[in-house]
Structures are given as C-alpha cells and as structure tokens.
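Here is the structure we will look at.
Rule-based calculations on the coordinates, nothing more; no lab input. If you're wondering where the values come from, they're calculated on a predicted model, not measured in any experiment. Because the Cβ atoms are built from the backbone with ideal geometry, glycine has one as well, and the counts that use them run over all protein chains shown.
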Amino acid sequence: MADALSPLEQEIRRLIGVAGPMPIAEYMRLCLTHPRYGYYVNRDPLGAGGDFITSPEISQMFGELIGLWMAAVWRQMGAPENVRIVELGPGRGTLMHDALRAAKVVEGFRSAIVVHLVEISPALQQIQERRLAELDVPVLWHSRFEEVPAGTSIIVANEFVDALPVHQAIKQDDGWHERVIDIGADGRLDIAAAREALQHFETSLPRALRQAKPGAIYEWRADDFALELGRRMRSEGAALIIDYGHDHASLGDTLQAVAGHAFTDPLRAPGKADLTAHVDFEALAQCAESMGARIHGPIRQRDFFLHLGIEKRAAALKASAPHKAADIEIAFSRLIAEGARGMGELFKAIGIAAPALGPLPGFETPS
C-alpha cells in the first residue's frame, strides 16, 4: 500500500508515526505549503483547467473597483508620495492588473506606489511577472507577509484568510478535545479526537458558545496574522479583506477540499486539492482591533460593491461592448448574488485601518 501513496502522504504518515496524531491545522499547512509537495507550491490552481475560479477571474469589475478603492484610500491618507500596495495571495495577478489599470485615472497614484506581492508559488509568481510587466510599476515579491517592509501601506487580500490553517475541537462529555489526523483501523488517514481534553478551553470560547452540546465542533485560527495586520494598520495604512465566512463566531465543521471544480474528501490525496475553511470575521476583527486598528464592517460583498458603484460599472461595460452584454450581466449577477450559496452573501468584506482615516470607501452608509 505504501508504494501507492503520494510522497506527501508518506511524509504525513511518517510524522504521525514519530510524533503521534497531527492537529488538523498542521495537516492543512503541510497539504497547502509543504516546500516540495504543497498544493500552492507546485501548480496554477485557477481557471477552467484548474480547481477553482476566484472573483477577479469572473469579471474585470472586481479588480477595477478595488483599484479605485485603493486610490480613494490613498487620497484619504493625504496622497503620500511613497506607499506600499500589498496583495496577499495574488493568484495570477489578475486582481492587481485590473486594479492598477483602473486606478491610472487617478492622477499621481501609480507614480507613488510600489507593489508588494506575498506569494509562495514559483509557478504563480512567473505568471504574475508576465501579467504585471506591461503596467510599468515596480513590483517586489515576498514569501511571507512579515517580510513586507513596514511603512504606509494599502493591503488587499481576496480569498487568502480561508486558506490559513484552521484548528478544530470537538465537545465530548469530559470537555473539548482537539481534532487530529490519525491512521484509522482500515489503514487510511482519519479524523479523530485527541486523547486528552484541552485544559481550560471552555473559558477561551465566545460566551455564546460555552453551552455547546457534546458533538459540537469549534474552529479557530492562530492570532498571529490578524495581530500583525492590526499592528501595521493602526498608524499608517488600510487593509481590505474579502473572503467567505461568518460575521460572528459559530459552531460547525467548515473544512473543505476542492479539486477539479468539485468538492472532494480533505483526507484523499493530500497536496492534490485546495483546503479551506470559513473565516471567523468576528475573531479576525477582535484581534486586529486589540492592536489599535479601527474595524469597518464586515459587510456582505454584495453591499460593498454596490456601495462602490458596480451597477454603473456594469452598465458602462455593456454600453462599450454590446456583444458581451450577456456575459457581463452574468458576471455581475454572480458577484452580488444573494442566498446562502450566493457569492454576494457568503463572501464578506472587512476593512482594517488607522483610526485617523475615518470611514473607508464602500463601508460608509450610502446617503
């Protein structure tokens, strides 16, 4: 059987054999970012030939409106002469390409910026280099957010936080136990509960969840990303996070795997599928706010883009390209769709910024 296993699954089994059952967060980290076999390290997962499609690939309107948002925030900052435009998880560079193309209409903006892209995939970095070369804007790459130099920054992250490793715990009669990856009786990877209960875990839960019944599952992420974001933004910057998740802390297992545009078993073929989990926007906001940043939202993606004028942009695109009007309308409807599975409702936008900036574009209540 071992001969049929992928190199990453063999490594995961070796680690379990040495150190015992592995927390789900560690499993997720290995599957996505292992330096040799990680999902994001070795492939371009986007597009029809990949595993999933993100909003910037659905329509140019997504990136264009974010570009105008960045330029408006820059003006709100007083139009500084040197500002870092940072994108976390830039994919193929589509969002940044569309954003900077649209923001060209704002005088002085592009000459004031240096773009910093946080990307761990050599394959995607090459695509980004080709995509952004024509814009004549300086671009630097980093493998980790912490490597981006400090200073006045505007940060954008679309579908980035959902791929950060998530921990899970399950409520049992004697308390909460972390959920782990182990080797089951049938020889396959399996999700189990750690033998020992997590000490004092109940007191760390949001108050509304402390009376959970046995069998309930709670998810959380490490605080380091949100704390770093809040620390950077509290005095000289603004960040826009767009992702799918819930406004308030809740119970439930949201870990999922996608391959070939379909859901699959997260334990099947480690490193060959994208693993994500819903974002807890309440926890993200609380961590960033604790560092002194001001929180805007979260609000539905639908509301954010309607506030920014996506209806007018869609109308302008249809008028300039009537032969593409039907496709533009489909993309527009997709981005703002309501309902439990609609992108406009499932996806949320949250702003994290220096308190002195005041209300951020798209988050203010329209008059």
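Between helix 60-76 and the chain, what is the angle of the helix's C-alpha long axis to the longest principal axis, kept within 0 to 90° and rounded to the nearest 10? So the inclination is approximately 70 degrees. With contacts taken as Cα pairs under 8 Å and at least 6 residues apart, the chain reaches a relative contact order of 18 percent. Over all pairs of different C-alpha atoms in segment 216-284, the reciprocal of the mean inverse distance, the Kirkwood hydrodynamic radius, equals 14.1 Å. Connecting C-alpha atoms closer than 10 Å in a GNM of the chain, tell me which of Asp265, Asp303, Asp174 has the biggest fluctuation. Evaluated over the chain, the most mobile residue of the options is Asp174. Solvent-free Debye calculation, one equal scatterer per alpha-carbon of segment 226-367: log10 I(q)/I(0) at 0.13, 0.14, 0.16 Å⁻¹ equals -0.73, -0.82, -0.98. The helix-only estimate of mean residue ellipticity at 222 nm for the chain, built from DSSP H runs of length n ≥ 4 each weighted as -39500 (n - 2.57), is -10000 deg cm²/dmol after division by the residue total.
By the rule of a C-alpha distance below 20 Å, with chain neighbours fewer than 8 residues away ignored, the lysines paired with Lys171 are Lys213. Relative to its residue count, the chain spans a Cα convex hull of 155 Å³ per residue. Beta bridges from DSSP with both residues in the chain: antiparallel share about 60 percent, rounded to the nearest 5.
Extension gain, Asp136 to Gln199, is 17.2 nm, computed as 0.36 nm per intervening residue step minus the present C-alpha separation.
The packing ranking of peptides 281-289, 29-37, highest mean first, is 281-289, 29-37, where packing means the average number of other beta carbon atoms within 10 angstrom of each residue. The Cβ shell under 15 Å around Arg302 holds other residues with a net charge of -1, Lys and Arg each +1, Asp and Glu each -1. Angle, helix 94-103 long axis vs. longest principal axis of the chain, Cα atoms, 0 to 90°, nearest 10? It works out to around 20 degrees. Lys and Arg at +1, Asp and Glu at -1: add these up for the other residues within a Cβ distance under 12 Å of Glu64 and post the number. Net of charged neighbours comes to +3.
The long axis of helix 122-133 is offset from the longest Cα principal axis of the chain by roughly 10 degrees. Just list whichever of Lys104/Lys348; Lys104/Lys312; Lys272/Lys324; Lys272/Lys318 have alpha carbons separated by over 29 Å in the model shown. Table pairs above 29 Å Cα-Cα are Lys272/Lys324; Lys272/Lys318.
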